Amino acid sequence: MLEEGLAAEATWDAPKPELLPGRVEVPTWERPDAAPNDLEAQRWGVIAPEGTLGDALLHAIAPLIEHRGKEQNAPVKTYRVPSDMNAAAAVQWREKVLQAEGVPEEERPWYLLILGDLHHVSIELQQVLAQGACVGRLHVGSPSGEPDLAGYAAYARKALAHARRTPEEETPSLLLYTAQDGTAATSLGHQLLVEPCLEAMRTRWKAKWPTLDPRLIPYESEGPDALLRAAGEARAGVMLSVSHGLGRPRSGWASPEQQRATQGALLVGGGLPLTGDKLREAPFLPGGMWFVVACFGAATPAKSAFHAWLSQLKNAGKYPGRPEQVLSKLPGPGERPFVAALPQALLANEQGPLAIIGHSDLAWTLSFTDEGSSVSRASRILSALEVLANGSRAGVALAALMRAYRAANESLMAGYQAREDALLYGTPDPTDPVRHGSLWLQRNDLRGYLLLGDPAARLPMKRTGP
């Protein structure tokens with residue numbers, strides 16, 4: 001969060017997003033006439049890196065692959081991909097391999113589980129595929145950064161255990177938490193996201209589920225004990241949290257291992273961040289789902305969608321503060337992208353959640369606000385939470401959020417086109433610079449959310465139908 005704020009014209013010259021070929025960002029659904037949670041109709045597949053590493057990762061989760069195959073009554077399709085796919089290569093792979101003309105539509109998996117860290121299978125492939133499929137990623141690494149095959153196997157056991165058990169809960173546990181540390185970012189997050197979500201749960205949701213009891217976890221400045229207790233006791237829980245995610249310290253990282261272990265850890269009071277080491281074995285949303293609003297809460301990419309813009313602001317002198325403080329938290333030369341350690345630890349924790357939706361970049365308030373961060377649009381994130389609470393699969397929740405991304409992307413691109421047309425024909429520019437800037441931030445903020453865990457995972461709740 002840039003505490004001093006930005007002038008309305010700051011994003012006027014923001015770099016135009018790359019226009020991907022093949023209208024990738026137009027929503028598609030492989031089986032639009034079938035229920036989204038029905039694996040037999042929608043299918044489930046796995047994407048692994050090429051080579052022996054991919055072989056090992058597939059072997060580590062083989063029991064989960066076998067179970068999904070039985071669940072969909074068809075063999076699971078596995079795909080092997082190179083590690084260096086950019087957005088254009090990802091689009092080409094999607095069109096020529098995943099959607100190959102010779103493969104019947106009913107055999108193309110709509111649910112896709114990616115195996116490996118961001119340098120094993122690129123984040124660009126994940127983001128491209130998320131515009132037409134339910135995509136999640138599973139990675140558990142050792143301190144050295146190499147894949148921890150035991151962690152992959154532990155997640156597979158956990159997912160299987162919850163899929164096979166007889167559900168007892170009829171309604172989910174609903175938890176909301178804000179690290180109310182007095183900063184502008186978390187204050188806005190609480191006022192314009194958490195409070196509206198809580199109100200909707202206590203009124204509209206409760207009309208559907210009379211026994212529902214949404215709970216606001218109190219923030220304690222001395223430490224996260226209240227958060228840990230509530231999350232540890234939750235059953236079939238869905239949690240929304242708003243906090244800061246740890247970035248690069250002023251003195252820099254002591255080592256690449258320290259960066260991978262702590263970047264994206266959550267600042268939740270007590271002076272020390274909530275890291276993966278603290279939650280590797282402790283109960284925390286067992287069998288549940290967690291939506292995390294925090295910078296780098298899910299991952300740190302090789303480059304940020306905001307990097308060029310922030311550099312441009314700095315060089316043009318359009319911002320009176322110090323945007324380099326934000327730039328310093330982004331990956332530097334030679335630093336590889338990675339999934340955050342906290343969700344890795346929780347996914348491998350057999351008493352942890354089944355899936356986590358979090359941010360893979362600098363997180364802004366524009367994903368849940370409009371008009372200069374003063375008008376709440378909490379419904380964008382609330383829609384994903386409601387999908388999870390209904391007992392739908394985790395990938396469907398991310399697909400609900402991506403609808404808001406595509407709407408913002410379409411409006412933003414229309415604005416760029418209007419500006420270009422005005423320049424071509426010598427007419428006044430019809431675009432509103434304030435709305436244009438807000439759309440640019442909103443589009444990139446929403447695009448940064450990723451699903452970690454199996455997209456076919458769902459809450460262990462009583463349900464009817466697929």
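The values are calculated or read from the model by the stated rules, or taken from the named source; none is laboratory data. As the structure is a prediction and not an experimental result, all values here were calculated from the model. Backbone-built Cβ (ideal geometry, glycine too); neighbour counts: all protein chains shown.
Okay, here's what the table says:
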item: Scope region 269-293; condition on the phi < 0 side of the Ramachandran plot and of a type in the set (A, V, I, L, M, F, W, C); matching residues; result: LEU272, LEU274, LEU279, ALA282, PHE284, MET289, TRP290, PHE291, VAL292, VAL293
item: Any hit, region 146-167, residues being assigned to a loop (DSSP other than H, G, I, E, B), within 23 Å of the chain's Cα centre (by Cα) and over 14 Å from PRO455 (Cα atoms); result: yes
item: Residue count for region 206-223, restricted to those that are surrounded by 15 or more Cβ atoms within 10 Å (Cβ to Cβ) and modelled with pLDDT of 95 or more; result: 5
item: Flag for ALA422 being among the hydrophobic types (A, V, I, L, M, F, W, C) and closer than 26 Å to GLU199 by Cα; result: no
item: Matching option when the condition is on the phi > 0 side of the Ramachandran plot, assigned by TED's automatic domain parsing to the domain that holds LEU149 and not aromatic (Phe, Trp, Tyr), among ASN86, ASN73; result: ASN73
item: Any hit, region 445-456, residues being over 19 Å from GLY245 (Cβ atoms) and more than 13 Å from the chain's Cα centre (by Cα); result: yes
item: Number of positions in region 397-438 that are closer than 19 Å to SER304 by Cβ and within 19 Å of the chain's Cα centre (by Cα); result: 3
item: Residues within region 196-212 that are without any contact (Cβ under 8 Å) to a residue 40 or more places away in the chain and touching a Leu at 6+ places or on another chain (Cβ under 9 Å), tallied; result: 4
item: Residue ID - modelled with the lowest pLDDT, chosen from residues in region 168-192 that are surrounded by fewer than 18 Cβ atoms within 10 Å (Cβ to Cβ) and either of a type in the set (Phe, Trp, Tyr) or not in a loop (DSSP other than H, G, I, E, B) (or both); result: GLU169
item: Qualifying helices (runs of 4 or more DSSP H) (wholly inside region 339-456; at least 2 residues being among the aromatic types (Phe, Trp, Tyr)); result: 394-425
item: Flag for GLY45 being under 21 Å from GLY358 (Cβ atoms) and part of a strand (DSSP E or B); result: no
item: Residue in region 124-140 that is outside any helix (DSSP H, G or I) and of a type in the set (Val, Ile, Thr) present; result: yes
item: Where ASP148 falls short, out of the listed (1) touching a helix residue (DSSP H, G or I) at 6+ places or on another chain (Cβ under 6 Å); (2) surrounded by fewer than 20 Cβ atoms within 10 Å (Cβ to Cβ); result: (1)
item: Leading residue by the ranking (surrounded by the fewest Cβ atoms within 10 Å (Cβ to Cβ)) among those in region 93-129 that are at pLDDT 95 or above and small (Gly, Ala, Ser); result: GLY116
item: Those residues of region 93-119 which are assigned to a helix (DSSP H, G or I) and either touching a Cys at 6+ places or on another chain (Cβ under 8 Å) or in contact (Cβ under 8 Å) with a residue 40 or more places away in the chain (or both), in sequence order; result: ARG94, GLU95, GLU105, GLU106, GLU107
item: Criterion violated by ASP432 - all others in (1) at pLDDT 90 or above; (2) loosely packed, with under 14 Cβ neighbours inside 10 Å; (3) not basic (Lys, Arg) satisfied; result: (1)
item: Of all residues in region 53-92 being assigned to a loop (DSSP other than H, G, I, E, B) and within 25 Å of the chain's Cα centre (by Cα), the one that is surrounded by the most Cβ atoms within 10 Å (Cβ to Cβ); result: ILE61
item: Unmet criterion (only one of (1) surrounded by 15 or more Cβ atoms within 10 Å (Cβ to Cβ); (2) of a type outside the set (A, V, I, L, M); (3) under 25 Å from VAL375 (Cβ atoms)) for TRP253; result: (3)
item: Residues satisfying the stated conditions in region 367-377, i.e. at negative phi and either surrounded by fewer than 22 Cβ atoms within 10 Å (Cβ to Cβ) or not assigned by TED's automatic domain parsing to the domain that holds LEU176 (or both); result: ASP370, SER374, VAL375, SER376, ARG377
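One line per residue, one yes/no per condition, for (1) aliphatic (A, V, I, L, M); (2) under 25 Å from GLY352 (Cβ atoms); (3) not assigned by TED's automatic domain parsing to the domain that holds GLU350:
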position	(1), (2), (3)
ALA153	yes, yes, yes
ALA179	yes, yes, no
GLY182	no, no, no
CYS197	no, yes, no
ALA200	yes, no, no
ALA207	yes, no, no
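Residue-wise test of (1) over 14 Å from the mean Cα position of the chain (by Cα); (2) modelled with pLDDT of 95 or more; (3) under 22 Å from GLY116 (Cα atoms).
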site	(1), (2), (3)
VAL339	no, yes, yes
GLN351	yes, yes, yes
ILE356	no, yes, yes
THR369	yes, no, no
GLY372	yes, no, no
ARG380	no, yes, no
ALA384	no, yes, no
ARG393	yes, yes, yes
